[in-house]
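Heads up: the structure comes next, in structure tokens.
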Amino acid sequence: MLSVDEALTRLLDGVGRTDGETVALAEAVGRVLVDPEVVASADVPPFANSAMDGFAVRSTDGAADRRIVGESRAGGLPPPEVTDGTAVRIMTGAPMPPGADSVMPVEDAVEAGESISAATEPRAGTHVRPAGLDFVAGQRIRLEQGPLTPSAIGLLAALGRGEVQVRRRPRVAILSTGDELRDVGAQLAPGQIYDANAPALAGAVRDAGGQPLVAARAPDDPQVIEERIRGAIEGADLLIASGGVSVGDHDHVRTVIEQLGTLDFWRIAVQPGKPLAFGRIGDVPIIGLPGNPVSALVTFELFVRPMIRAMLGLAGDGRLRVDARVDEEIAKDPGRRAYLRVRLDSSDDGFRARSAGGQGSSQLMPLALANALLVVPEGPSVTQPGARYEAIVLGSSS
Ligand code: AMP
Ligand code: MG
């Protein structure tokens, strides 16, 4: 059996990046810039403006009264000049009038007819946002390498970018296998269950930055599985199958991969998820995930998510890792590294992890309730109360 780290290294080896495509900025949230470095083409803000509603004044007038000679509004006509002993009424974001060097907030000015008196003496530069405060023309701005956030989109808009070059979403074909599976909503006959993996994995693909392409499900019939796999890899960057990778009499996915291409490995020392097949058909990587929904989703998290991100030019899984204390014994297989489904809460003593429920690989409820995976190394058969373990914080990231 391969270790988790070894398996991941092999999976990521030789993964290519997808091409770039141009998208409208408004559509770019969650997408990944081909080049995270942006050069400001102009000063932002482009002109000196007021940070407050108030009066643009000359600080050299000190505490003297001033006569109001006009107004400066955001988006309005150019304001009149401020000369000695005068003030211009100004709104937040409005251009500073020539001659003014300070803004007296409304709260600090006492208005009497057409003039104001100052409650405090204004100082030069107060409440003035100079041109280029955020960026100056020509400045290189390196955005964090990750899916574009709403704030990064705002920043790009402030820089005048209407379109951005992003990586094409990796196309990930999804194939469920199993005679017992039916589409959600169908009437179940005895012995049948709903296909939970296809919709769950499609969500996980989207969340990782990929584009899911759900193929028609295959029964446990090697010929149909072969047909479906052949069809699904057309135009796909990656294929993930689920079910049929174990050693049961009706597990055919592995054999079909071997027939159509090459099988690299198929067992990983991980819990949940020991049977996991990885190979290639032509140049399309194919991963056969275990059928149990928790195993499928956890192994997706550990192996497929980093692969999709690598295709986007992103390193790692993009998850936050924290240390968490456990106060209970949670059983695990000593031969495998376990990723236990836990609820993470903050306490006076840092993070605490509690089991989110049964740790069986078919039990979706605890996974749905969990907000982290607790990593317990190979060796022990149970967590040690009071000990700290690494926790991978889950959560939607696109
Ligand atoms: P397998 O890996 O095919 O041996 O399946 C292991 C377990 O996972 C069995 O209990 C299957 O019924 C279940 N299973 C497989 N595929 C799915 C799926 N798409 N949705 C829900 N359960 C599944
Ligand atoms: Mg099966």
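Among the residues of the stretch 142-152, those identified as part of a loop (DSSP other than H, G, I, E, B) and open to solvent by 30 Å² or more (accessible area, probe 1.4 Å) are Glu144, Gln145, Pro147, Thr149. Across the stretch 78-89, the number of residues qualifying as loosely packed, with under 14 Cβ neighbours inside 10 Å and either of a type in the set (Val, Ile, Thr) or at pLDDT below 95 (or both) comes to 0. Which number in (1) outside any loop (DSSP other than H, G, I, E, B); (2) surrounded by 15 or more Cβ atoms within 10 Å (Cβ to Cβ) marks the one condition that Gly313 misses? Failing condition for Gly313: (1).
Is the stretch 217-235 home to any residue that is closer than 30 Å to Gly20 by Cβ, buried (at least 17 other Cβ atoms within 10 Å of the Cβ) and within 13 Å of ligand 1 (Cβ to nearest atom)? So far as the stretch 217-235 goes, no, none of its residues is closer than 30 Å to Gly20 by Cβ, buried (at least 17 other Cβ atoms within 10 Å of the Cβ) and within 13 Å of ligand 1 (Cβ to nearest atom). Could you please let me know if Thr92 is more than 16 Å from ligand 1 (Cβ to nearest atom), outside the structural domain of Glu81 (by TED's automatic domain parsing), open to solvent by 40 Å² or more (accessible area, probe 1.4 Å) and touching a residue at least 24 places away in the same chain (Cβ under 8 Å)? Considered against the rule, which asks whether it is more than 16 Å from ligand 1 (Cβ to nearest atom), outside the structural domain of Glu81 (by TED's automatic domain parsing), open to solvent by 40 Å² or more (accessible area, probe 1.4 Å) and touching a residue at least 24 places away in the same chain (Cβ under 8 Å), Thr92 comes out as no.
Of all residues in the stretch 316-370, which are open to solvent by 70 Å² or more (accessible area, probe 1.4 Å), within 16 Å of ligand 1 (Cβ to nearest atom) and outside any loop (DSSP other than H, G, I, E, B)? The answer is Met365, Ala368. Phe47 - would you say it is of a type in the set (Phe, Trp, Tyr) and loosely packed, with under 15 Cβ neighbours inside 10 Å? Answer is yes for this residue.
For (1) more than 16 Å from ligand 2 (Cβ to nearest atom); (2) touching a residue at least 40 places away in the same chain (Cβ under 8 Å), each residue gets a yes or a no:
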position: Gly235; (1), (2): yes, yes
position: Trp266; (1), (2): no, no
position: Leu276; (1), (2): no, yes
position: Pro285; (1), (2): yes, yes
position: Ser295; (1), (2): no, yes
position: Phe303; (1), (2): yes, yes
position: Leu314; (1), (2): yes, yes
position: Asp317; (1), (2): yes, yes
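Tallying residues that are surrounded by fewer than 20 Cβ atoms within 10 Å (Cβ to Cβ) and more than 13 Å from ligand 1 (Cβ to nearest atom) within the stretch 248-258 yields 2.
In summary, Leu155 fulfils each of the numbered conditions (1) surrounded by 12 or more Cβ atoms within 10 Å (Cβ to Cβ); (2) in a loop (DSSP other than H, G, I, E, B) with the single exception of condition (2). Within the stretch 150-179, restricting attention to residues that are out of contact with any Asp or Glu (no Cβ under 9 Å at 6 or more places or on another chain) and closer than 30 Å to Asp221 by Cα, the residue that is farthest from ligand 2 (Cβ to nearest atom) is Ile174. Selection of the stretch 60-77 for residues being open to solvent by 30 Å² or more (accessible area, probe 1.4 Å) and within 18 Å of Arg129 (Cα to Cα) yields Glu71, Arg73, Ala74, Gly75, Gly76.
Condition (residue is out of contact with any helix residue (DSSP H, G or I) (no Cβ under 6 Å at 6 or more places or on another chain) and among the hydroxyl-bearing types (Ser, Thr, Tyr)) applied to the stretch 161-176: is it met by at least one residue? No, there is no match, as no residue in the stretch 161-176 is out of contact with any helix residue (DSSP H, G or I) (no Cβ under 6 Å at 6 or more places or on another chain) and among the hydroxyl-bearing types (Ser, Thr, Tyr).
Annotation: Val57 fulfils all but one of (1) touching a residue at least 12 places away in the same chain (Cβ under 8 Å); (2) open to solvent by 30 Å² or more (accessible area, probe 1.4 Å); the unmet one is (2). Taken together, the residues in the stretch 1-21 that are surrounded by 13 or more Cβ atoms within 10 Å (Cβ to Cβ), part of a helix (DSSP H, G or I) and of a type in the set (D, E, K, R) amount to 2.
Residues being on the phi > 0 side of the Ramachandran plot, open to solvent by 40 Å² or more (accessible area, probe 1.4 Å) and within 16 Å of ligand 2 (Cβ to nearest atom) are represented in the stretch 188-196 by at least one member. Annotation note: of Val245, Val166, Val184, the sole residue that is crowded, with 19+ Cβ neighbours inside 10 Å, in a loop (DSSP other than H, G, I, E, B) and among the β-branched types (Val, Ile, Thr) is Val245. Take Ala189 and decide whether it is under 29 Å from Val166 (Cβ atoms) and modelled with pLDDT of 95 or more. For Ala189, the condition - under 29 Å from Val166 (Cβ atoms) and modelled with pLDDT of 95 or more - is not met.
The values are calculated or read from the model by the stated rules, or taken from the named source; none is laboratory data. Being a predicted model, the structure only gives us computed values, none of them experimental. With ideal geometry, Cβ positions are generated from the backbone for all residues, glycine too; neighbour counts draw on all protein chains shown. These area figures cover heavy atoms from the full protein model, side chains too; ligands, DNA and RNA do not enter into them. Shrake-Rupley method; radii C 1.70, N 1.55, O 1.52, S 1.80 Å.
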